[in-house]
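What follows is a single structure, written as structure tokens, with notes after it.
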Amino acid sequence: MEHNTGKNSFLRNILVRVLLFGVFIIVLRFAYVVTITGESCDRGDFCFFSLPEDLNLVIPSVGTGAASAIGTANKAVRSTSVGPSGADIYTSKDWIKAVQFYSSIFQDLITEGYLAPTSKSLCVESASGQDVFSLKEIGVEDSVGIFKKASKPLVIKGEGHRIPFDNNTFDFIFCGGGAINKSPRPVAVAAEIARTLKPEGFVAVHVSVNDTYSLNSFLDLFHSFKLVKYYDMEGYDLSMANFREIVLKKEGDFVLGHGPKEGDNKCLVPAHKRDLVRKAEPLISEEPLKPWITLKRNIKNVKYLPSMADISFKSRYVYIDVGARSYGSSVGSWFKKQYPKQNHTFVVYAIEADKTFHEQYKLKKGITLLPYAAWVRNETLSFEINRDPGKELIEKGRGMGRIQPVKASLRGSSDGEVDEIYGFDFADWLKNTVEERDFVVMKMDVEGTEFDLIPRLFETGAICLIDEIFLECHYNRWQRCCPGQRSPKYEKTYGQCLDLFSSLRDIGVLVHQWW
């Protein structure tokens, strides 16, 4: 009896050891496949805990057309997924929540006729491919996404500003997650979407636009498109809690840029710009007794356009200083330091006729100097350096320069220095330098020539290209040196200056009184 018991114990030990060895081999093989080779559990020769092809994992609350199936996922998302996701991400709560959200969005678009099961579709900046997966789940099989890091087969390598497809490839393009907001090149992204979308195709964009100015700036990016609808929505996570869904239809072949400019010089400032004028600080209606103090204090009251609206969706950002004088006069001391740029880099043009200040601009990067006088046509002008009585001169003994045609200057006499300079048609230059899609800020200090230049901007329609103007208007103001006396340097009155400011604001141009 004892002999049989010992024999059974020996056999049992042998079987246990064999079983443990087998388990060890299985675990070792699994570790090799998953860890060493980097494969997911779908290899043909070994798959540990693999799911059957016909096992469905139902995602609730998205309707029958959007039920997620592992069988479909095996075809669409398993195997070559790249990055930290692996196979588990496709069954995670975040993944399922995103798929529910996008499936609902796309089903609504199908119902409204902007998307069809036969649509060849692209998802731009699709980091994880939930939107692509949702499209496939509701029956839009011919769908793919692009992102800077591929996650095949749902997402291939590509970026919004450089889409790796030919012109007129897609019937439907989706750009979610506020990708255009986050892009440093929104104009390029819009241009690429326009290029790769077929005529009569639709694009749906989820974007954060909080005011009418930014909405219209966004729509200007898609200048060859028709606005179909926009709708404010709540997101599925905190990364974009609220956004606006905008659906656009491509109306014709894509043309880079604005296309031909209209021959009509008249322009109408759009309503969203006129709304900003109504929010601006009031003009100083009464002539100040001490203008040099009052006007400088007024800077604290100025409501800058970027403090009232989002300026993100612009092609370029341009600052034009007309009558710039020295770099430290306004470009360096005010615009560079104080103007709220919303982290955008501005192209700077400094227009200054006085050659005294030209040399210092050669050392400044990012600034284009135009060493001429802004004028109403191209011609040679006289440039007179003149001084107000009792006024302190800080910059190399130079007074403020006034310009006038040479013939006019010869008819009169002058007590100041007179040089001949070249004047150029400022309005014409402006129309050839900037576009409506650019954000343009202008400061103008031209010693009375504003009464020539501003009407010329109206006449040519160039005034509509400027988003914000800081204008110093020159009039026969009271003098510091001589109480009770007005400056003989200028003929205009304060009332005429006020009329000039009012005429700009009346048509919707945001202008501020400057010093």
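Can you confirm whether segment 338-350 contains a residue that is closer than 27 Å to residue 500 by Cα, modelled with pLDDT of 95 or more and touching a Pro at 6+ places or on another chain (Cβ under 6 Å)? Yes: segment 338-350 contains one or more residues that are closer than 27 Å to residue 500 by Cα, modelled with pLDDT of 95 or more and touching a Pro at 6+ places or on another chain (Cβ under 6 Å). Residue count for segment 408-442, restricted to those that are modelled with pLDDT under 75 and either in a strand (DSSP E or B) or under 30 Å from the mean Cα position of the chain (by Cα) (or both): 2.
Inside segment 463-515, can you point out the residues that are crowded, with 20+ Cβ neighbours inside 10 Å and among the acidic types (Asp, Glu)? 467, 468 - these are the residues of segment 463-515 that are crowded, with 20+ Cβ neighbours inside 10 Å and among the acidic types (Asp, Glu). Could you tell me whether residue 334 is in contact with a helix residue (DSSP H, G or I) (Cβ under 9 Å, 6 or more places away or on another chain), modelled with pLDDT under 95 and not in a loop (DSSP other than H, G, I, E, B)? It is true that residue 334 is in contact with a helix residue (DSSP H, G or I) (Cβ under 9 Å, 6 or more places away or on another chain), modelled with pLDDT under 95 and not in a loop (DSSP other than H, G, I, E, B). The residue pairs whose first member lies in segment 146-164 and is open to solvent by 20 Å² or more (accessible area, probe 1.4 Å), whose second member is among the hydroxyl-bearing types (Ser, Thr, Tyr), and whose beta carbons are closer than 7 Å, counting only pairs six or more residues apart or on different chains, are 147/126; 152/80; 153/80; 161/183. Sort out which residues of segment 118-135 are outside any helix (DSSP H, G or I) and either of a type outside the set (S, T, N, Q) or not assigned by the TED database to the domain that holds residue 157 (or both), and write them in order of number. Selection gives 120, 122, 123, 124, 125, 127, 129. For segment 165-204, a residue qualifies if it is open to solvent by 10 Å² or more (accessible area, probe 1.4 Å), over 18 Å from the mean Cα position of the chain (by Cα) and not basic (Lys, Arg), and the qualifying residues are 165, 166, 167, 168, 169, 171, 199, 200, 202. For segment 449-461, the count of residues that are surrounded by 17 or more Cβ atoms within 10 Å (Cβ to Cβ), assigned to a loop (DSSP other than H, G, I, E, B), in contact (Cβ under 8 Å) with a residue 60 or more places away in the chain and assigned by the TED database to the domain that holds residue 354 is at least one.
Counting the residues of segment 464-490 that are β-branched (Val, Ile, Thr) and either modelled with pLDDT under 95 or part of a loop (DSSP other than H, G, I, E, B) (or both) gives 1.
The values are calculated or read from the model by the stated rules, or taken from the named source; none is laboratory data. Only a predicted model underlies this, so the values are computations on that prediction, with no experimental measurement involved. When we count neighbours, we look across all protein chains shown, and the Cβ atoms used for this are built from the backbone with ideal geometry, even at glycine. These area figures cover heavy atoms from the full protein model, side chains too; ligands, DNA and RNA do not enter into them. Shrake-Rupley method; radii C 1.70, N 1.55, O 1.52, S 1.80 Å.
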